[in-house]
Amino acid sequence: MEDSDCIVIMGSNMAENHPVAFRWPMKAKVQHGAKIIHVDPRFTRTSAVADIYAPLRAGSDVAFLGGLIRYVLESERWNSDPFFKSWVATYTNASTLISEDFRDTEDAAGVFSGLMAYKGGMPEWPFNGFTNEYDGQSWQYARGAVGDQGRSASSAQSGEASSTQSGSKEPLKRDHKGPPYDDIVEHLLQPAPDRDETMQHERSVLQIVKRHFSRYTPEMVERTTGCPQATFLQVAETLLANSGAERTSSFAYAVAWTQHTNGVQIIGACALLQLLLGNAGRPGAGVMALRGHASIQGSTDVPTLYHSIHGYMPHPSALKEHDSLTEYLTGETLPTGWWANMPKYVVSYLKSMYGDAATAENEFGYDWHPKIIGDHSHMAMFAAMNAGRVKGMLCIGQNPATTLNAKLDRAAMRKLDWLVVKDNWVHETATFWKNAPEISNGEVSVADVGTEVFFFPATQVAETDGTFTNTQRMLQFHYKAVDAPGDCRSDMWFSYELGKRLKRLYAQSDELRDQGLKHLTWEYEHEDADQRARGEPSMLKILKELNGYYSDDPSRHVGGFVDLKDDGSTTCASWIYSGCYPAPDKNLTARREADAPGVRGAQLNWAWAWPANRRIMYNRASADPSGRPWSERKKWVWWDETQGRWTGYDVPDFPATKPPDDQPKPGAVGMDALPGTAAFILKPDGMGWLFVPSGLVDGPLPTHYEPVESPVNNPLYKQQASPVIKYWKDEANPLAVVGDPQYPHVITTYRLTEHYLSGAMSRWLPWLNALMPELFIELSPELATEKGIANLDWVRITTPRGAIRAKALVTRRMRPFVIDGRRIHQVGMPWHWGYEGLSTGAVVNELTPLVGDPNVSMHEGKAFVCNVERA
Amino acid sequence: MAEPMGFFTDTTVCIGCKACEVACKQWNQLPSPEGGANTMSGDSYDNTRKLDGINWRHVKFVEQFSEDRVGGRWLLMSDVCKHCVRAGCLEVCPTNAIIRTEFDTVVIQSDVCNGCGACVAGCPFGVIDINPVSKTAQKCTLCYDRLQAGMEPACSKACPTDSIQFGPVRELRERGAKRVSQLNDGGESRAYLYGADEKMLGGLNSFFLLVDKPEVYGLPPDPKLPSRNLVPASMFSALGALLVALIGVFSFRERRSGEGEDRP
């Protein structure tokens, strides 16, 4: 971001919630006058240092971004500057033709072709929350006479077979045994999609995109978002003026884009816009996903996500044809592009799970690996818990007593037999059985709570060795500063000890279902005798397993994922982390060598970033189709003709010696199937996707839908909210109807710099409490006057789920919006408080509903409705 | 003496994160009473309210919004002791507890301070107050202990956006002037430096880049030393002394003249 000429912060309050990373936008601003734009429902501390602040109603982001997309497509500059034409034609799928069967929202009253009632899932797990679903067959690329329907490697997150996945090919014989698995990859090959290089064909992606966004006019943006047209146009002009061969713009977003029922589509709209502007794979460009807290990036790379195994490979699922490794690989491998290597990564992963017991004969222990049976994410799990289907919970570093529809969450926890809480402080979840509001007000008696709660004191970060993976995909090793006090133990210790005990428990079992635990490799004894005596495992041994090593000689680490094989000769837990620890004495994540001041570079010797220490992904796009830098100012990676290889400041994200004019080889798989201009190497066609034919369950193009709870009708389409949202029906989870007069205001929730998440770590620190001592609700003077509320008055806030109290903070930083001719008030609340700690306050998540995005099961905490009145 | 050291605080990149406040409290082990669970002030995001004996850094939040919100601003500024070249506190301290260090900074020595509070009134910026724990006057030391160890002050080290910059005052002034012209060239004509030249109390070693009048930030536009009253005040004293002397002379005279008559 330091290299950006314009930074649009939207769906993020970066200055408040990522103050340390905000150093880079401020450097860009001070060093070369970069423009900072903040688009947000509230005027925050980020807006305070922005050059342009654009207000918008919470939940109207796609309308705003759609407006920007239309502005760019219609602008004179975009249509005349050769940079945009060349970039878009070469690096995106703008020229690709889409199936004749595709019907856009423009033709079908706001929904895409293929909408149908949900009929997936299995009876044993009725907690997936799906309402409707799409059959995405008609969204596929047109592939000539063959008419093949294409494939999708990543399907609905609940592990269900996506309809686009059925393919037309018979899977290979069930008794097929690899390795090698090359024949599977070759078998999956399809004819190339149809293209029109002029991008004029009516079914070309560019023309479809143009038609789709034609209704997102500046007038419509104002009507839908409440942002004045003049401000919107100023944003659009600034963004366009700072994009092109000589200049680049970046976007930064965070959970204010994800926490919507169409969150993935909001991010998709931004990606589409940045692809149109050539702002990808180049310095100062891109879409920065600011992660919600420390190392959350690491926890998706080496996932705590239920639906993927390490390195973003789909988790084996009982709902798909995943009965054998062969079937799994047939269903999930993409034959072209980098993902054709998946069999190597999967086999190396299985070797890391089951070690010597994983052999070619037993498909590397694939049968022992657990399979998912549906959505096992937070909301689905609590719905199941509330139905009495979950017996126990290990709660490590989380505080669910204060999250999403908190009262329902706590009711669910009362149905557990046991609960383990492992944290630094005895927080709300640890005491939900005695101090929760429903206990204090007598609604529930302590005697009626049968849950047995165990509390384990945890270490803090300075008390353990380990790595953090930050937003930039960078792994940074840190060393323990002090020993933890008393019985505090690391989370690694807990998992390691638990694993050892479970392995002992099942050591004698011959049941097939127990073989996974029996054969699980679990040797992480610490090198240091004192630490070993404390029971702490070795962080370096875990890092080594992530990096990978040769199965027959574990002292030899692999150098990177290009060394991995599909025959069991290599062991590697997470292919994307491969290369971070390439030799026993080379822990690259511990490096701290900055580039010399004033020297242009990518800080390649500062720690290590996945993949392969590349700092900007898809950086082939920083050079033009012939491999030359687009401009001297934005030079990053380029083709060196004399050496016959890619070179530059960064590690090229492309096969090192594949020339820019290389052509696909007929019948080839992997990268050989793609041309020398295929910058987006993880995509099967090597292109950035303006139109997304597979992988999303709620549509191939972003469309403005209202939040599930909204005070207004959708100004753009007949369809109100996304037709395929997730909703967990429960009498404790009611929703307000559209325009419900009982709940006339939009409410959004957020965090402050001064506290952290639910406050479980921060409300115990007097220094932080003093800075933000009480829960409050921010509201405009206009609303305050209407409701007779004065600054610092107690206010009662109600939604269909609950009611809480907070103090009023009346401020002109909040403002009413005129939406579709009506004045709409919006209020905001930080959700840092609870009933434990040195500073206490109401739990704001008593108000939020259990509704979710169908792709990722993310809840909608950023836009719902409420009422406020003087308490 | 080492080169004069100080702070340049560029308020245009301050994000009001208060990391400076917390870093200061942590390094100097300053308390937050009641576990910090006080009542909120209701004045924007400012719950610290003022500089005093236990708050040596204070981030100010000034909301400037008209009813139509056009051109609204939220001015953020981290305030601190100015370490004046001509320091009022130092001038009035009766016990010599306040000293000027080898870094040209102004430091209160707690073990010499008797808590009389003269400096509290003597500071034209309202920086100093009595620390209720130590019962002595306290304020920012510009991390004298860290400076002596060759380290930079805790607040500037913690500042993520380099709004607070620490260094030799001469260098900081150059940097400040450059930033002002950059802002002016970019159309922000309101930017100027507060306290960077000698006109203000001989120069503030901790000076600021502001984009509105000093009063808006709660700063005096023309701070004065307590000694500015020295000449008029001493005139009054001299006059008073004369008066007392005259009264004395006259009363003695009276007494002497009526000496015999009063005797019983």
Residue within segment A:753-765 that is more than 14 Å from every other protein chain (Cβ to nearest Cβ), closer than 16 Å to A:L850 by Cα and crowded, with 17+ Cβ neighbours inside 10 Å present: no
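Of all residues in segment A:582-607, how many are part of a loop (DSSP other than H, G, I, E, B) and within 26 Å of the chain's Cα centre (by Cα)? It would help to see each step written out before you state the result.
Step one: of segment A:582-607, the residues part of a loop (DSSP other than H, G, I, E, B) are A:582, A:584-585, A:587, A:591, A:593-605, A:607.
Now narrow it down to the ones that are within 26 Å of the chain's Cα centre (by Cα): A:602-604, A:607.
The total comes to 4.
Scanning for something at pLDDT below 90 and either closer than 30 Å to A:A21 by Cβ or assigned to a loop (DSSP other than H, G, I, E, B) (or both), does segment B:250-262 turn up at least one residue? It would help to see each step written out before you state the result.
Pass one, segment B:250-262, residues at pLDDT below 90: B:250-262.
Filter again for either closer than 30 Å to A:A21 by Cβ or assigned to a loop (DSSP other than H, G, I, E, B) (or both), leaving B:258.
Within segment B:250-262, one or more residues are at pLDDT below 90 and either closer than 30 Å to A:A21 by Cβ or assigned to a loop (DSSP other than H, G, I, E, B) (or both).
One line per residue, one yes/no per condition, for (1) touching a Pro at 6+ places or on another chain (Cβ under 9 Å); (2) at pLDDT 95 or above:
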| position | (1), (2) |
| --- | --- |
| A:M1 | yes, no |
| A:I7 | yes, yes |
| A:S12 | no, yes |
| A:A48 | no, yes |
| A:I52 | no, yes |
| A:L68 | no, yes |
| A:S95 | no, yes |
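Of the residues A:V8, A:V30, which is assigned to a helix (DSSP H, G or I) and either within 14 Å of another protein chain (Cβ to nearest Cβ) or not charged (D, E, K, R) (or both)?
Working: A:V8 fails: assigned to a helix (DSSP H, G or I).
Matching residue, one of A:V8, A:V30: A:V30.
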Failed item, numbered, when A:P741 is tested on (1) within 13 Å of chain B (Cβ to nearest Cβ); (2) of a type outside the set (D, E); (3) closer than 29 Å to A:L408 by Cβ: (1)
Residues satisfying the stated conditions in segment B:1-50, i.e. more than 10 Å from every other protein chain (Cβ to nearest Cβ), surrounded by 23 or more Cβ atoms within 10 Å (Cβ to Cβ) and of a type in the set (A, V, I, L, M): B:M5
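How about segment A:764-803: which of its residues are in contact (Cβ under 8 Å) with a residue 60 or more places away in the chain and among the polar types (S, T, N, Q)? Full working, then the answer.
Of all residues in segment A:764-803, those in contact (Cβ under 8 Å) with a residue 60 or more places away in the chain come to A:764-766, A:769, A:772-775, A:777-779, A:783, A:787-789, A:793-802.
Residues satisfying the conditions are A:N769, A:T798, A:T799.
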Out of A:E536, A:E545, A:E527, sole residue that is at pLDDT below 95 and buried (at least 19 other Cβ atoms within 10 Å of the Cβ): A:E536
Members of segment A:91-124 that are assigned to a helix (DSSP H, G or I) and either hydrophobic (A, V, I, L, M, F, W, C) or surrounded by fewer than 20 Cβ atoms within 10 Å (Cβ to Cβ) (or both): A:A94
Residue selected from segment A:39-66 under the condition under 21 Å from the mean Cα position of the chain (by Cα) and either closer than 25 Å to B:F61 by Cα or assigned to a strand (DSSP E or B) (or both), by the criterion farthest from the other protein chains (Cβ to nearest Cβ): A:A58
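Is segment A:610-620 home to any residue that is part of a helix (DSSP H, G or I) and under 20 Å from A:M313 (Cα atoms)? Lay out the reasoning, then the answer.
Of segment A:610-620, the ones part of a helix (DSSP H, G or I) are A:619-620.
Filter again for under 20 Å from A:M313 (Cα atoms), leaving none.
Scanning segment A:610-620, I find no residue that is part of a helix (DSSP H, G or I) and under 20 Å from A:M313 (Cα atoms), so the answer is no.
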Filter pass, A:V844 being buried (at least 22 other Cβ atoms within 10 Å of the Cβ) and over 22 Å from A:G226 (Cβ atoms): yes
Failed condition for A:R801, given (1) outside any strand (DSSP E or B); (2) under 30 Å from B:V70 (Cβ atoms): (2)
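Among the residues of segment A:419-426, is there at least one that is among the charged types (D, E, K, R) and either within 19 Å of A:A842 (Cβ to Cβ) or part of a loop (DSSP other than H, G, I, E, B) (or both)? Reasoning before the result, please.
From segment A:419-426, those among the charged types (D, E, K, R) are A:422-423; that's our starting set.
Subsequent filtering for residues that are either within 19 Å of A:A842 (Cβ to Cβ) or part of a loop (DSSP other than H, G, I, E, B) (or both) retains none.
No - not one qualifying residue is present in segment A:419-426.
Restricting to segment A:774-816, name every residue that is polar (S, T, N, Q), within 14 Å of another protein chain (Cβ to nearest Cβ) and either buried (at least 17 other Cβ atoms within 10 Å of the Cβ) or in contact with a strand residue (DSSP E or B) (Cβ under 7 Å, 6 or more places away or on another chain) (or both). Show your work before the answer.
Residues of segment A:774-816 that are polar (S, T, N, Q), as a first pass: A:780, A:785, A:791, A:798-799, A:811.
Cutting the leftovers down to within 14 Å of another protein chain (Cβ to nearest Cβ) gives us A:780, A:785, A:791, A:811.
Within segment A:774-816, A:S780, A:N791, A:T811 qualify.
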Extreme residue, farthest from B:C20 (Cα to Cα), among residues of segment A:1-23 that are surrounded by fewer than 22 Cβ atoms within 10 Å (Cβ to Cβ) and of a type in the set (A, V, I, L, M, F, W, C): A:A21
Segment B:173-185, residues that are surrounded by fewer than 13 Cβ atoms within 10 Å (Cβ to Cβ) and within 12 Å of chain A (Cβ to nearest Cβ): B:K178, B:D185
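The values are calculated or read from the model by the stated rules, or taken from the named source; none is laboratory data. This structure is a prediction, so every number in the text was calculated from the model and none was measured. Cβ coordinates were reconstructed from backbone atoms using ideal geometry, including for glycine residues, and neighbour counts include every protein chain displayed.
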